[in-house]
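The values are calculated or read from the model by the stated rules, or taken from the named source; none is laboratory data. Just so you know, these numbers come straight off a predicted model, no measurement behind them. Heads up, the Cβs are rebuilt from the backbone with ideal geometry, glycines too, and the neighbour counts pull from every protein chain shown. Surface areas here come from the heavy atoms of the whole protein model, side chains and all, with no ligands, DNA or RNA. Shrake-Rupley method; radii C 1.70, N 1.55, O 1.52, S 1.80 Å.
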Amino acid sequence: AQIRYSIPEELTRGAFVGNIAKDLGTDVAKLAAANLQVLSDSDSQYFSVNVNTGVIMVSERIDREQLCGQNPRCFLHLKLAIENPVEFYRIEVEILDINDNPPEFPSDEVALRIYELASLGARFPIQPAQDPDVGTNTLQTYHLSANDNFNLNVKARTDGGKFPELVLERALDREFRAFHYLVLTAEDGGSPPQSSKIRITIQVLDANDNHPVFDRPSYGARLVENSPLGTLVVKLNATDVDEGPNGDIRYSLSSHNSAALRQIFAIDEQTGEIRVQGNLDFEEATVYEIEVEAKDMGSPTMEEHCSVVVEITDVNDNAPEVILTSFSSTLSEDALPGTVVAVIHVRDRDSGEQGKVLCHVSPDLPFQLRKDYEHQYSLLTSTRLDRENVAYYNVTVSASDLGHPPLSRHTILPITLIDVNDNAPQFEQASYEVLVAENNPVGSVLVTVSAADPDSEQNSRLSYSILRAGGTDPGLDPTRYLSIHPTNGQVTAKFPFDYEQTTYLQFHVEVSDGGSPALRNRTLVHVFVVDQNDNAPRVHFPRAGEDSATQFRISPSIVPPALITKVVAIDADSGRNAWLSYHLVEATDLGLFSVALRSGEVRIMRALQETDASAHELLVVVRDAGEPPLSTAVTLVVLVEEKGPEALQGSEARAADGGGLPTITLYLIVSLVLISTVSLVGLAALGIRCL
């Protein structure tokens, strides 16, 4: 069996569709017991059945336009299935259209461009509105707002579509009205009807039906001769009531003008400005008459003509001319005052007072002008020149006439001074002081002397050499120990210095330039050799061979702290490197003997006992205070023998104290004091020099 229902679209959820139990003539309880099911042919479940009441209800929103589009009839199909026994019932639900959609134009506004000479009856289609509803609810008619030029025509197609057209009923005039604004309304047949509107903007396109018009029939202007290029003569003004290319005006000089006039005047085709592009000369023409035409850009073009009269006023329009009859762009810097540099001829094409010329140069320059005769001048040097102060001059010769206002011309004469070797080289320092550590590497740079010469090129090319300073030891030839680079002034050592042989060296460095004749200068260099700890202490007493020891005898009854002997050593170095200290390093009995740290005296510290050995070997090390320290060792053998105590002590005391040893010690002390004093004085002098 098949059951059909009809419902409008857009019902709310739960809306009543039909009572299936009533329409099937079945008891509601039986349907509930038969496991009633609703099956839909579509993907969405738009309906549901209440098994307790047998009522079919809307379960989802139903949009007829979405389901069936523009089809005039729209159906949804359902199947009801029951069990015991199995039976199927087909239900067809027709969805009825309601007026829920207004007509819609593709856009809110449309623009049309219509030629102002368009013929009457011309048609201009407008995009139609669309209404998804069907039947009487769909689009039915159009309405056009009131206007003077257009009517509305609606074309109906066989498929029911309606297309609006604008029909031109009255001629257009862009100059009267350039834009027309209309409103087109689309309306459907629903109840109540719905509608939408579109704004129509019509732009009337211009036609070339008007010619240009000048604001005056002729123009006049007055210019002085020799007006600058680009000077504005007059600005023309023509108008055209058309628009676009039809009203776009181009100005030009008429073909009636001569070729010479076209070279003097030019017109801007856009602005109508006439400007000077050539030379205006009162002596050639006093009045110019220019024919001008204005054309629009329409098709065909339309044009208008006018004339411009230009009067020329005479002025002082010729500047003086400066002609170099003779000129030398180079000049020796030792040129005497009054030397002729250039011969100048001047002239002015004007006449009378305007043709008289006066010349002058800046008084700040070492040059002056001498008037030889009318229209001729000579440029002379006025003072001595010095290239080292100013090497290049731009001499401006100014020539002015006597016109009102006066005209002038400036000519620049570049003059370059040629160098003369008139400056001796100068050292940066009058003397140099250098501290050099002895045993320096061969080839090491001790000092770099530098000199400068303000001359140029060959006259400033310097060469350095070493000379022996006056008053120095003839045996200390500086060239034996030192060499100098001839161009950069680096002084290097040929041999290592030995402080013990040479502590001070003095020499001159001479610099000479490459001029002819060459100029020279000297500087004094003081070289102070700084001592290094390169000599170990040397033992003078007691003297012994490399592998032997010196023996001393003492009595077993010797009384401490008796002097056994004294170790005497000297160091060829100076300063701290020669400060010696004595140390007892090894002994048969370290507690029995002692060695004085500074004097080197060896004494017995306690009385001898029977258990003490009869022979004692002492190793004494003499060490200086250098960095790193150097040392020398001496071995002493002390023999304990039974002799007369007085004899033993007397002989050993004489051995230790006699032989001029105190005199040697005194000499060593005095030498150390003198060397230290000289070193301190030298360092102080160097510090003062540096400050």
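Here are the numbers for this structure:
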{"item": "Accessible area in square angstrom per residue, the stretch 426-530, 1.4 angstrom probe", "result": "50 Å²"}
{"item": "The stretch 213-313 - accessible surface per residue (Å², probe 1.4 Å)", "result": "53 Å²"}
{"item": "Carbon plus sulfur fraction of accessible area for the stretch 321-418, probe 1.4 Å, in percent", "result": "52 percent"}
{"item": "Extended-chain gain in nm, criterion 0.36 nm per residue less alpha-carbon gap, residue 627 and residue 23", "result": "204.5 nm"}
{"item": "Accessible surface, per residue, of the stretch 3-96 when the full set of protein chains is kept, probe 1.4 Å, Å²", "result": "55 Å²"}
{"item": "Whole-percent carbon and sulfur share, accessible surface of the stretch 1-153, 1.4 Å", "result": "49 percent"}
{"item": "For the chain, cysteines whose Cβ has no other cysteine Cβ within reach (under 4.7 Å)", "result": "306, 359, 690"}
{"item": "Residues residue 501 and residue 603, FRET efficiency given R0 of 35 Å [Cβ-Cβ distance, rounded to 0.05]", "result": "0.35"}
{"item": "Accessible area in the full protein assembly, largest first, 1.4 Å probe, for 251, 392", "result": "392, 251"}
{"item": "Distance between modelled label sites at residue 667 and residue 372, nm, 7 Å Cα→Cβ extension", "result": "9.1 nm"}
{"item": "Structure-derived Rg/Rh (Cα atoms, Kirkwood Rh): which label, when the choices are [x] 1.28; [y] 1.48; [z] 1.26", "result": "[y]"}
{"item": "Accessible-area value, residue 235, 1.4 Å probe, nucleic acids and ligands omitted, Å²", "result": "120 Å²"}
{"item": "Projected label distance in nm at residue 43 and residue 57, using a 7 Å step from Cα toward the beta-carbon", "result": "2.6 nm"}
{"item": "Principal-axis tilt of helix 645-657 within the chain, Cα atoms, nearest 10 degrees", "result": "50 degrees"}
{"item": "Degrees between helix 661-690 axis and first principal axis of the chain (Cα, 0 to 90, nearest 10)", "result": "30 degrees"}
{"item": "10 Å-binned pair-distance histogram of the stretch 426-530 (Cα, whole percent)", "result": "15, 47, 27, 9, 1"}
{"item": "Beta bridge orientation in the chain: antiparallel %, DSSP, nearest 5", "result": "80 percent"}
{"item": "Order of exposure, largest accessible area first, which applies to 145, 351 with probe 1.4 Å", "result": "351, 145"}
{"item": "Dipole of the chain, positive direction: furthest Cα of 402, 285, 125, with charges on the beta-carbon", "result": "402"}
{"item": "Cα Rg, Dmax, the stretch 24-65, angstrom units", "result": "12.2, 38"}
{"item": "Proximal lysines to residue 22, defined as alpha-carbon separation beneath 30 angstrom and excluding residues fewer than eight positions away on the same chain", "result": "30, 79"}
{"item": "Debye equation applied to the C-alpha atoms of the stretch 321-370, log10 I(q)/I(0) at 0.25, 0.27, 0.29 Å⁻¹", "result": "-1.08, -1.17, -1.24"}
{"item": "Kirkwood-type radius of the stretch 40-164, with distances r between different C-alpha atoms, in Å", "result": "19.1 Å"}
{"item": "Computed Rg/Rh of the stretch 455-584, alpha carbon atoms with Kirkwood Rh", "result": "1.33"}
{"item": "Volume per residue of the C-alpha convex hull in the stretch 321-418, rounded to whole Å³", "result": "84 Å³"}
{"item": "Those aspartates and glutamates that a straight Cα-Cα span of less than 17 Å connects to residue 235, excepting residues fewer than 8 apart in one chain", "result": "215, 248, 268, 269, 273, 289, 291, 293, 304, 311"}
{"item": "Approximate spin-label separation residue 382-residue 148, in nm, with each point projected 7 Å along Cα-to-Cβ", "result": "8.6 nm"}
{"item": "With every protein chain in place, the stretch 426-530: carbon and sulfur % of accessible area (1.4 Å)", "result": "49 percent"}
